[in-house]
Amino acid sequence: MVRHGGCTLLVDAGLGTLQKLAVLGVSLAEPDVVAFTHLHLDHTAELAPMLFSLRNTGIGRRKALTLLGAPGFRDFHERLRRTYGSWVEAEDYSLLVEEISSRPVSLGPLVLTAVPVSHTPQSVAFRVEDTETGKVIAFSGDTDVCAGIVTAAKNADVAVLECSFPNERKVRGHLTPAEAGELAAAARVKKLVLTHFYPECEEADILGQCRETYSGEIILAEDLLRVPV
């Protein structure tokens, strides 16, 4: 989640999203935009529960909610609507469902740009830039090594990159710590946050493996982590 200048952007909504927002004290009335990097279950599983929850008038949502995804997202949302019917339809607020391409999208003081990456045909990374200060946050989503990550994270103040498996357990479509570090170094990222750890990472020296290719600050993500930018 990115919060700045009165705008709240949520990137993906996998399992646990609603519970963690509740722990943080963030009402579902707050997010302005939910942007999805791709359509896999671990990144979209709580979209339907979120829309269902927003039918509770006690939440008090009145402002519009925008859902953004790569080409194919509108069809994905329509299939959810056909499955759940009125239970995922907006009542007291406007719901906008948009597909995002390479054209930057203005979100108040922020500009969101999608960059295709190597995971599924619809996978994108996001580059979020503050138009006033020029500060940049990048989110890889799921990806393998590709030029798109370097483009999305170029000179980023913070880059949140997936790191699903240790170096010795490389899986196609995902990054290892050394690969994430190499991409961050190529993009001249100031601070690297590694996330999306599969169980295979628990016994590995993820930090040490990333240090092989990246010399900047590295943070291993944990639930409820806050990173000021």
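The values are calculated or read from the model by the stated rules, or taken from the named source; none is laboratory data. Note that the structure is a prediction, hence the values are computed from the model and not measured. For neighbour counting, all protein chains shown are included, and Cβ atoms are generated from backbone atoms with ideal geometry for every residue, glycine included.
Here residue 23 fits the description: more than 27 Å from residue 119 (Cα to Cα) and in contact (Cβ under 8 Å) with a residue 40 or more places away in the chain.
Results for (1) within 29 Å of residue 106 (Cα to Cα); (2) surrounded by 22 or more Cβ atoms within 10 Å (Cβ to Cβ), shown as yes or no for each residue.
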position	(1), (2)
130	yes, no
147	yes, no
162	yes, yes
169	no, no
198	no, no
203	no, no
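When segment 168-205 is filtered for residues that are assigned to a helix (DSSP H, G or I) and under 27 Å from residue 135 (Cα atoms), the ones remaining, listed by number, are 177, 178, 179, 180, 181, 182, 183, 184, 185, 186, 187.
Figure legend. Inter-residue proximity from segment 75-92: first residues in contact (Cβ under 8 Å) with a residue 40 or more places away in the chain, second residues part of a helix (DSSP H, G or I) and among the charged types (D, E, K, R), beta-carbon distance below 7 Å, spacing 6+ or different chains. Indicated pairs: 88/81. Are any residues in segment 132-159 among the hydroxyl-bearing types (Ser, Thr, Tyr) and part of a loop (DSSP other than H, G, I, E, B), and if so, which ones? Correct list: 133, 140, 143.
As a summary of the residue check, residue 203 satisfies the conditions (1) on the phi > 0 side of the Ramachandran plot; (2) at pLDDT below 95 except for the one numbered (1).
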